[in-house]
Amino acid sequence: MSARITPEMWSEYLGVFWDHPQNAHRYIAGGTPVLPGDICLDCGACEGFFVFQAIAAGAAQVVCLEPNEAMAKSLARTFAAAIEEGKVVIQNVALGANDGEATFTFDSASPFGGASGDEGNSVVVQSRTIATVCRELSLERIDFVKMDIEGGEIQAIEGAMPILRKWKPRLAITTYHREFDYAALKAFLLAAGYSTIRPSGCTNRSESTYRPVMLHASP
């Protein structure tokens, strides 16, 4: 039996792969390319579309950070061969400003999202800073960070500051979840020494205030 491609899955696919100026959700765009030999962090790896894209661009390794256990197991099946080759690493963790635990709500009928909070079908997951992940995996550098973690981006970047100051990876971060995300993230990145920070796209997510869809940054 063939798998059915849902409208949600098709939307997720286009958001990553549609290389067109009208697609503000592109991670690899403009001044934030994935280059051959790059070590990438995929923060909020979800279904793994970005992993395919990064490997196709020549990334040496993609570290997937995904708090949803079901999605992490799916990623392990999808990229089994790449995991054997050392090209893909999967960590079933959430990201935050500090190490510890976080409560997440997942909807099994809509696995493409998830959010911190204790409403509905909530589970407790391990939370790590990006700095801790890099130390635990003995990573010697990070070249590119893709991040779409449903409103947790500010806390994750706060926990990544030692890495950002030291290695200055290229960044592609979603900023559409909350109206203040872009301004707050830009402030953190300026403090980390980034010189090129630019917005991409504009949306209001059916709310009153418009905000950029993405933030792209490079040293």
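Structure above, values below:
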| read-out | value |
| --- | --- |
| Of Leu65, Leu190, Leu164, the one that fluctuates the most in a GNM where the chain has Cα springs shorter than 10 Å | Leu190 |
| Pairwise FRET efficiency - Ser195 versus Ala70, Cβ, R0 = 45 Å, nearest 0.05 | 0.70 |
| Extension gain, Leu14 back to Val123 (0.36 nm per residue minus Cα-Cα distance, nm) | 36.3 nm |
| Segment 126-208 pair-distance distribution - Cα-Cα, 5 Å bins, rounded % | 3, 14, 26, 26, 17, 9, 5, 2, 0 |
| Inter-label distance, nm, simple model (7 Å from Cα along the C-beta direction), Arg178/Ile83 | 3.3 nm |
| Which of Asp99, Asp19 has the fewest Cβ neighbours within 10 Å, and the rest in rising order | Asp19, Asp99 |
| Inter-label distance, nm, simple model (7 Å from Cα along the C-beta direction), Glu136/Thr103 | 2.2 nm |
| For segment 32-218, Kirkwood radius (reciprocal of mean inverse C-alpha pair distance, Å) | 16.6 Å |
| Candidates Glu47, Glu140, Glu101, ranked by Gaussian network fluctuation over the chain, Cα under 10 Å, top entry | Glu140 |
| Pair Arg4, Arg205: separation of 7 Å Cα→Cβ label points (nm) | 2.8 nm |
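Each reported figure results from applying straightforward, stated rules to the coordinates on display, with no laboratory input. The structure displayed is predicted, hence computed values, not measured ones. For neighbour counting, all protein chains shown are included, and Cβ atoms are generated from backbone atoms with ideal geometry for every residue, glycine included.
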